[in-house]
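J.: Following this message is one structure expressed as structure tokens.
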Amino acid sequence: MFASQQSRLLGAKIMRCISHGARTAFAKEQRAICKMSGEDEKFRILVTHPQVPQEAIELLQRDCEVTVVQSLPPNRSEILEKAKGVHAFLWGGHEKLNAEALDAAGPQLKAISTMSAGIDYVDVPELKRRNIPLGHTPTVLNDAVADIAVGLLLAAARRFHEGRQKIETNNWETYTLNWMLGQDLRDSVVGFYGFGGIAQTIAKRLSGFDIDSILYTTRRRVAEEIEKEYNAKKVDFDTMLAQSDFVIIAAPLTKETAGVFNATAFGKMKKTAVLVNIGRGGVVNQPDLYEALKTNQIFSAGLDVMTPEPLPPNDPLLTLPNVVLVPHLGSATRRTRTDMGTIAAHNVLRGLAGEPMFSPAY
Ligand SMILES: O=CC(=O)O
């Protein structure tokens, strides 16, 4: 068996355990962790969001002293005030995690985990400079995000939003046969910008829709057996744009990916193409996307992420019939959020124990 396949199977097994309540498998690890070596004092942990799942908080509370921020939305002053003297953060929202927050805690801060896959709101160089390990929660949200991606893709391809508007405005045309025609997923070429775990989970779902093939653009080629499994081929960005019927953005926001989907990129896409973004809003130049949709340079878009978030209700995107928007709901299922919290808690506990985190960010 290939190493990558082995690690995927192991990952899946761990995720199944967590999802099915076998969290006790980790109990030994936690008990050992939360005593400060040679002292009676307990580690102190700040949970920075009041809605971090109770399961995660209970894990931390077994042997650590846990403070939970109470304000909703979490108030930065409360976070900074409660941070003083803690040994770890379970960073439960997308509030900026930077030098200010680290300074507010103090030099004893030993471990941090976010409860997210993306870490674009974290000042990673600053954490590295201070030798603070960072965990995050990728993988466990792949299924939920992939579901949203497929939903957006179908909704944008088959004009769900526009269809609803037609009903609301009494414009349902029963007399024409070529009204509200959409794009077929069957036999289509699907392009991915980023082809990591989430993208591959989307690809797995799409294979049930009888697509033709996948083109993907990434820095590094994925393993050959994954390419075979999904009939996927690595191509350069321009080829992916030009040949894909659907383009799915599944990449994180970094210096390299910021604004890559701009007017030039949209100009290279098919006029019938559908764009889906479940990565980060900043990967897309949003004014350029607005123009491309308004002028039918591309067919439609389905977005889970946008800029800014929350998107103001008077944003021009909301005036377009050919865009389907959902408010960053990718990982928003009870099971996924519980698993994310549980993994974040394990990251924190392992970081405090000086052990490698369950899912380290670097
Ligand atoms: O967008 C969601 C995440 O990064 O977890």
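J.: At 7 Å along Cα-to-Cβ for each site, give me the label-to-label distance between Asn314 and Asp210 in nm.
T.: 4.9 nm
J.: Counting only protein heavy atoms and using a 1.4 Å probe, what share of the accessible area of the chain belongs to carbon plus sulfur, as a whole percent?
T.: Values: 9270 of 17830 Å².
Carbon with sulfur: 52 percent of the solvent-accessible area.
J.: Of Lys166/Lys204; Lys204/Lys228; Lys204/Lys268, which ones are farther than 22 Å apart at the Cα? Don't jump to the answer; show the numbers that get you there.
T.: Values: Lys166/Lys204 33 Å; Lys204/Lys228 12 Å; Lys204/Lys268 27 Å.
Lys166/Lys204; Lys204/Lys268, as the Cα separations exceed 22 Å there.
J.: Right, another one. Identify all lysines with a Cα-Cα distance to Lys82 below 19 Å; exclude those on the same chain that are fewer than 8 residues away in sequence.
T.: Reachable lysines: Lys42, Lys96, Lys110.
J.: For a quick check: with amide H placed at 1.01 Å from N, whose amide H comes under 5 Å from Val276's, ignoring anything fewer than 5 positions away on the same chain?
T.: When sequence neighbours closer than 5 places are left aside, the close amide H contacts are Val247, Ile248, Ile249, Gly302.
J.: Further question: List the aspartates and glutamates whose alpha-carbon lies under 12 Å from that of Lys255, not counting same-chain residues fewer than 8 positions away?
T.: Result set, ordered by chain and number: Asp120.
J.: Using amide H atoms built 1.01 Å from N in the peptide plane, name the residues 5+ places from His136, or on other chains, whose amide H lies under 5 Å from its own.
T.: Thr114, Ser359, Ala361
J.: Between rounded, prolate and oblate, where does segment 255-325 land on the alpha carbon gyration tensor, with a ≥ b ≥ c its root eigenvalues, rounded for a/c under 1.5, else prolate if a/b exceeds b/c?
T.: Numbers: a/c = 1.67, a/b = 1.09, b/c = 1.53.
It is oblate, given that a/c is not under 1.5 and a/b is not larger than b/c.
J.: Shifting gears a bit: Determine the per residue accessible area of segment 142-325 with all protein chains present and a 1.4 angstrom probe, expressed in square angstrom. Before the final figure, lay out the partial values.
T.: On the way: 9120 Å² over 184 residues.
Solvent-accessible surface per residue comes out at 50 Å².
J.: Helix-derived [θ] at 222 nm for the chain: sum -39500 (n - 2.57) over DSSP H runs of at least 4, divide by residue count, nearest 500?
T.: Working: 14 runs with 136 residues, N = 362.
The per-residue figure over the chain is -11000 deg cm²/dmol.
J.: Rounded to the nearest 5, what is the percent of antiparallel bridges among the DSSP beta bridges in the chain?
T.: Working: 2 of 40 bridges.
The antiparallel proportion sits near 5 percent.
J.: Treating the beta-carbon of each Lys and Arg as +1 and of each Asp and Glu as -1, no other charges, what is the dipole magnitude of segment 142-325 about its Cα centre, to the nearest 20 debye? Please report the intermediate quantities before stating the final value.
T.: On the way: 19 positive and 22 negative charges, 42 e Å.
For this selection, approximately 200 debye.
J.: For Val124 and Glu58 in the same chain, what is the full-extension length gain: residue separation times 0.36 nm, less their Cα-Cα distance, in nm? Provide the component values of the computation, followed by the final result.
T.: Values: separation 66, 0.36 × 66 = 23.76 nm, distance 2.79 nm.
Contour length minus Cα-Cα distance gives 21.0 nm.
J.: For Arg221 and Glu41, FRET efficiency with R0 = 35 Å and r from the beta-carbon atoms, rounded to 0.05? Walk me through the numbers on the way to the answer.
T.: Numbers: r = 50 Å, r/R0 = 1.42.
For Glu41 and Arg221, the calculated efficiency is 0.10.
The values are calculated or read from the model by the stated rules, or taken from the named source; none is laboratory data. A quick note: this is a predicted structure, and the numbers were derived from the prediction, not measured. So basically every Cβ, Gly included, is an ideal-geometry build from the backbone, and we count neighbours across all protein chains shown. Each accessible area value is taken on the protein alone, full model and side chains, heavy atoms only, with ligands, DNA and RNA left out. Shrake-Rupley method; radii C 1.70, N 1.55, O 1.52, S 1.80 Å.
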